[in-house]
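See below for the structure under consideration.
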Amino acid sequence: MLKIIVLIGAPGAGKGTQARLLESRLGIPQISTGDMFREMKDADTPLAREVRGILASGMLVPDELTFEMVKARTARGDCKGTFVLDGFPRTAVQARMLESLSAQQGKPIEAILVDVPAEILERRLTGRRSCPECGEIYNIHFKAPELAGFCDLHPETELFQRADDTAEKVRVRLETYEENTKPLLEYYEGSGRLQRIDGTREPEEIYKEMESLVGSSVVVG
Ligand code: AP5
């Protein structure tokens, strides 16, 4: 069955970690709006400058712009089948926009909440380090690389810390999530399209449950 899988969760809940596993093991494309915005980092255009400023503040990029990007990305060949949206929708307006895309593509939406309490999130975010080469995600507290500061898969490459992973920015991002994105849980639950996963366990344990929710009937493009 073709579908659009929406991963919802607070910043640091582990959406990216799980979406990357779904992509590498089941071949389901991961569409991460955060990654797409970060890819604009080297562009010197007014739009890229505006997006960089918004990301650094911990606030949200405007709905229209975000949706245009999602529409363009999901029109590509690899999204003919099921795909995973990691970080979209994040507002009620974006959720309505996604309904139109779902109707247009004839794919139902299945939302999965990766549920992690706020007190764990700050440590996950401030401890996160990523590889600029392959995007592999580490954590100095929970998933340290073999050689501190360097990627296991690209041993020459130094890991980086995201500009919005400082304690101050993390607070803003968590507030933004509470205010704008959390209400979507009720929206998807009310229409019987929300499943919940306990995101406090080991990533592999979470993935097993994730796979059993999405894996059995999935068709990739
Ligand atoms: P985005 O990149 O989507 O950030 P986010 O939602 O804040 O989520 P994160 O990437 O921080 O966390 P995650 O849940 O993916 O966790 P991860 O797997 O990395 O967005 C960034 C910005 O872009 C936004 O602030 C906004 O400005 C803009 N933006 C994006 N989408 C937008 C939209 N739709 N509309 C408007 N603006 C938008 O894990 C985190 C850490 O925890 C890692 O170190 C990892 O190793 C560790 N970890 C993961 N799982 C576990 C586990 N089970 N146990 C222990 N540690 C774990």
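The values are calculated or read from the model by the stated rules, or taken from the named source; none is laboratory data. Since we're looking at a predicted model, the values are computed, not measured. Note that each Cβ is placed from the backbone with ideal geometry, even for glycine, and that neighbours are counted across all protein chains shown. Heads up: the accessible areas ignore ligands, DNA and RNA and are worked out on the full protein's heavy atoms, side chains in. Shrake-Rupley method; radii C 1.70, N 1.55, O 1.52, S 1.80 Å.
Annotations for the structure displayed:
- Area accessible to solvent at M59, 1.4 Å probe radius, in Å²: 110
- Pairwise label distance in nanometres, Q195 with I54, each label 7 Å out on the Cα-Cβ vector: 3.1
- Only the Cβ atoms of Lys and Arg (+1) and of Asp and Glu (-1) were treated as charged; on that basis the dipole of the chain about its Cα centre amounts to roughly 420 debye.
- Debye, to nearest 20: dipole size of region 77-185, +1 on Lys, Arg Cβ, -1 on Asp, Glu Cβ: 340
- Accessible surface of V93 - all protein chains present, 1.4 Å probe, nearest 10 Å²: 60
- Of all accessible heavy-atom area on region 4-214, the percent that carbon and sulfur account for (1.4 Å): 52
- Relative contact order for the chain, counting Cα pairs under 8 Å that sit 6 or more residues apart, in percent: 33
- Region 4-214: antiparallel DSSP beta bridges as a percent of all, rounded to 5: 25
- Lys/Arg +1, Asp/Glu -1 at C-beta; region 4-214 dipole; positive extreme among N139, A167, P183: P183
- Accessible surface computed residue by residue for region 4-214, with neighbouring protein chains in place and a 1.4 Å probe, gives 50 Å² per residue.
- Projected onto their three principal axes, the Cα atoms of region 4-214 cover extents of 47, 43, 35 Å, largest first.
- By the Cβ rule of 4.7 Å, the chain holds the following cysteines without a possible disulfide partner: C79, C134.
- Label zone (A148, point 7 Å along Cα-to-C-beta; backbone nitrogen cut-off 17 Å) within region 161-176: 161.
- Calculated FRET efficiency for the pair A72/T45, C-beta based, R₀ 22 Å, to 0.05: 0.85
- Sparsely packed trypsin sites (Lys or Arg not before Pro) within region 2-104, loop by DSSP, other Cβ within 10 Å at most 12: R76
- Cα gyration tensor shape of region 143-185, rounded if a/c is under 1.5, else prolate or oblate by comparing a/b with b/c: prolate
- R0 of 22 Å, Cβ-Cβ distance R171-R96: FRET efficiency to nearest 0.05: 0.15
- According to the Kirkwood relation over distinct C-alpha pairs, the hydrodynamic radius of region 119-160 is 10.2 Å.
- Global form of region 93-219, assessed from the alpha-carbon gyration tensor, a/c cut-off 1.5: prolate
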